[in-house]
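The values are calculated or read from the model by the stated rules, or taken from the named source; none is laboratory data. Treat the numbers as computed from the prediction; the structure is a model and nothing was measured. Cβ coordinates were reconstructed from backbone atoms using ideal geometry, including for glycine residues, and neighbour counts include every protein chain displayed.
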Amino acid sequence: MHNLPTLSRRGFLAGTAAAGAMTLLSACGYAEDKPSGGGGATWTFTDDRGRKLEGERPTRIVAQVTAAAALWDYGIRPVGVFGPSKLADGKPDPQVGGVDLTTVTSLGNVWNEFNFDKFVSLNPQLLVSVIYLKQQMWYVPDTQADKVDKAAPSVGIGLQGIAMPEGITKFAALAKALGADVEAPAIRQARTGFEQADAALGEAIKKTSGLKVLLLSAQKDTCYVANAAAFATSKHYQNKGMKFVAPENPDASQGGYYEQVSWENIGKYEADVIMYDSRGGSLSLGPDGLGGVPTWQRLPAVKAGRLIPWNNETPFSYQRFTPELASLTGALNRFA
């Protein structure tokens, strides 16, 4: 893994901090602070932790890359990002979407890396991150969570167990609150493109309705069978009729996202198609990957060449999800 110590951490299986009662924040501070007397535009927004923010609308935003990528496509430009934005070869990580990395400051690129001094130096008016489990702000280190929380107001967007369109709607609401025109021509065009691609995917799923699909993330010594209903992309595919093989014993203590399975036992999950985790931290499961693992080579989907890359951290915007739909549609049509 290039971002987290283990795939279970990388796969959204962390989280400890539980939020208490609703906390009233302003864009310039907490409820006990007096709001700024500036004459700028105002806003109000309640996040998925129940925190209500109001006051002067923030413009200096620092965002975890998942959130930054979604907001960027609505025209919101963060001043800083944290979380995986660059791959080992220096190229942008797919998670960062359309964010221009030359215009933002990175606070950290790997798990537990968050440069607090750099964060404060940006004079942040708002921190935005996503939440996958137990109200933990993703990629904010547990050891720094309290002081980060005190340094600037924050918004947490919950993503556990929702389908991609719902997540896109959540970020659209946040972007609108932050001043974006979510009905701008480019946004409407992107939404229309999504609807067309989504309809085409629906037809492809109908034609391949007899195929069982396994979601798999690979490590050198083990693999993880993913729960389709737990991830926004695959839950959307499931809602459209794709039939997924469910893990028998997903780790409930880690949100039920995955079941860890040894390579020796992966054959117990029979599937016609394998959608494999294509993120940089997972081993390649393409045609040339895992050549030395006999149990992999014996899987029916591998023998048939029915392998499809799957990015479960596709940015939450129509612009980024539509190509994923088109790619999946093309693959399924080849298998029909």
Regarding Gln254, is this residue more than 20 Å from the chain's Cα centre (by Cα), touching a residue at least 60 places away in the same chain (Cβ under 8 Å) and farther than 19 Å from Arg306 by Cα? no
Could you please give the count of residues in region 121-135 that are in contact with a helix residue (DSSP H, G or I) (Cβ under 6 Å, 6 or more places away or on another chain) and loosely packed, with under 15 Cβ neighbours inside 10 Å? 0
Anything in region 153-174 that is surrounded by fewer than 22 Cβ atoms within 10 Å (Cβ to Cβ) and in a loop (DSSP other than H, G, I, E, B)? List them, or say none. Gln160, Gly161, Ile162, Ala163
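Looking at Lys52, Lys91, which one is under 18 Å from Gln125 (Cβ atoms) and out of contact with any helix residue (DSSP H, G or I) (no Cβ under 9 Å at 6 or more places or on another chain)? Write out each step before concluding.
Working: Lys91 fails: under 18 Å from Gln125 (Cβ atoms).
None of the others qualify; the one that does is Lys52.
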Residue pairs within 6 Å by beta carbon, gap of at least six or interchain, first lying in region 192-211 and in a helix (DSSP H, G or I), second at pLDDT below 95 and not charged (D, E, K, R), listed first then second, are Lys207/Ala336
Tell me yes or no: at least one residue of region 136-152 is charged (D, E, K, R) and buried (at least 22 other Cβ atoms within 10 Å of the Cβ). no
Just to check your reading of the model, which residue among Asp89, Asp117 is part of a helix (DSSP H, G or I) and either out of contact with any Phe, Trp or Tyr (no Cβ under 9 Å at 6 or more places or on another chain) or at pLDDT below 95 (or both)? Asp117
Could you list all residues from region 129-147 that are among the β-branched types (Val, Ile, Thr) and in contact with a Leu (Cβ under 7 Å, 6 or more places away or on another chain)? Val130, Ile131
Can you tell me how many residues within region 219-241 are under 19 Å from Val302 (Cα atoms) and either among the basic types (Lys, Arg) or crowded, with 22+ Cβ neighbours inside 10 Å (or both)? 5
Of the conditions (1) more than 23 Å from Gly179 (Cα to Cα); (2) assigned to a helix (DSSP H, G or I); (3) in contact (Cβ under 8 Å) with a residue 40 or more places away in the chain; (4) of a type in the set (Ser, Thr, Tyr), Thr143 fails just one. Which one is it? (3)
Say whether the condition of being at pLDDT 85 or above, crowded, with 17+ Cβ neighbours inside 10 Å and on the phi < 0 side of the Ramachandran plot is met by at least one residue in region 285-292. no
